[in-house]
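Everything on this sheet refers to the single structure shown next.
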Amino acid sequence: MRSTVVLLLLLGCCLTGAQLQDEGGEITQRTLQQLWIELYQLKDTVSELTATVTALNRDNLALRNAVAGQTAELAATKTKLGAVEARLKASESQVVDLHRENAVQAAELKSMAARLGTCESQVKELKSKTEAQAVDLRALEDRANSAELQLKEQKTVVEELKSTVEELKTQNADRPKVAFSAGYSDARYVGPFQTDVTLVYTKVLTNIGNRYNPATGIFTAPVRGVYYFRFTTFGAGVSIRLGSVLYKNGQHIVATYDIQGSVDSHDDSSNAAVLQLEVGDQVYVRLPAGYQVYDDAWNRCTFSGFLLYPL
């Protein structure tokens with residue numbers, strides 16, 4: 001810039017000298033003064049140009065420094081940008097991985113959703129079964145409560161029965177034991193006789209209480225009560241009459257009768273009665289006149305009785 005200004009000044013001087021010479025070939029005082037004035041003006045201009053150039057150089061240096069700083073900053077920025085790009089690429093890779101992971105997780109979520117739906121269906125089914133079981137349980141509880149009530153009632157009945165049994169045991173302990181059973185004899189044919197005959201059953205099988213007399217064939221009631229009596233009759237032969245009669249105190253009660261034909265040579269019959277007796281009443285069996293019975297070791301003719309309950 002400084003060389004440019006000097007060149008311009010020299011050029012201006014040459015032009016001015018040439019102009020002076022061209023005009024008259026002589027340098028006048030006035031012309032010289034004008035030249036000095038122009039020279040001083042040029043000098044001022046040069047000074048201004050120099051100051052301007054200096055300022056421009058200073059500005060240029062500042063600009064260079066600024067450019068250098070900006071270049072350094074640009075380089076740092078590029079470095080940072082490279083790092084950012086690297087991180088961005090890494091982030092993009094991470095994003096791709098995240099997308100993959102998200103896809104896998106989405107598939108897992110779909111699978112879990114499907115399993116959850118299955119579980120919900122199973123839960124609903126279990127809930128339905130549980131409700132049905134709850135209904136059954138309530139029914140069982142009701143049945144159990146009913147059974148418990150019935151059990152309590154049965155326990156009450158059992159206790160009452162126990163009490164009744166104990167009472168009966170007490171009564172039975174105090175009640176007389178009376179029972180007998182006897183066969184007639186081994187005499188085989190007995191009868192016929194001209195009159196009624198009391199049958200004496202001599203083969204005693206049972207005689208609890210000793211109220212049957214095997215010597216007379218008579219049972220005597222020891223207590224007032226209800227008694228059961230049974231007797232059997234057997235006959236062997238042809239064209240004979242067999243039978244026997246149960247008596248109470250000389251009173252005819254029940255009887256058995258049969259007439260054997262010419263073909264049937266063996267017959268038997270039986271009868272029974274429940275009698276209310278007073279103390280001392282007598283019961284026995286008689287063979288009617290004209291009738292016959294048969295007995296042997298098989299005890300075909302028997303007489304039995306026992307006390308049902310006292311009164």
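Numerical summary
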{"quantity": "Kirkwood Rh (inverse of mean 1/r, distinct Cα pairs), the chain, angstrom", "calculated": "34.9"}
{"quantity": "Set LYS177/LYS248; LYS177/LYS203; LYS203/LYS248 screened for pairs whose C-alpha atoms are more than 32 Å apart", "calculated": "none"}
{"quantity": "Lysines with Cα under 18 Å of LYS155, excluding same-chain neighbours fewer than 8 positions away", "calculated": "none"}
{"quantity": "Residue exposure sequence - THR77, THR195 - by fewest surrounding Cβ within 10 Å", "calculated": "THR195, THR77"}
{"quantity": "Calculated from backbone phi, Karplus (6.51, -1.76, 1.60) coupling profile of segment 104-121 in Hz, x at Gly/Pro", "calculated": "4, 4, 5, 5, 4, 4, 4, 4, 5, 5, 5, 5, 4, x, 4, 4, 4, 4"}
{"quantity": "Point-charge dipole on Cβ atoms (K/R +1, D/E -1) for segment 60-206, about Cα centre, debye to 20", "calculated": "800"}
{"quantity": "Relative contact order [Cα under 8 Å, 6+ residues apart], segment 190-291, whole percent", "calculated": "39"}
{"quantity": "Debye-sum result for segment 179-310 in log10 I(q)/I(0), which assumes one identical scatterer on each alpha carbon, at q = 0.11, 0.14, 0.16, 0.20 Å⁻¹", "calculated": "-0.36, -0.57, -0.74, -1.10"}
{"quantity": "Segment 186-228 - percent relative contact order, Cα under 8 Å, separation 6 or more", "calculated": "29"}
{"quantity": "Under-5 Å amide H pairs with ALA255, H placed in peptide plane, nonlocal only", "calculated": "LEU246"}
{"quantity": "Value of relative contact order over the chain, rounded to a whole percent, pairs C-alpha under 8 Å and six or more apart", "calculated": "17"}
{"quantity": "Cα-based Kirkwood hydrodynamic radius, segment 74-140, one decimal, Å", "calculated": "16.7"}
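Each value in this text was obtained by applying a stated rule to the coordinates, not by laboratory testing. Nothing here was measured: the structure is a model prediction, and the numbers come from that model. For neighbour counting, all protein chains shown are included, and Cβ atoms are generated from backbone atoms with ideal geometry for every residue, glycine included.
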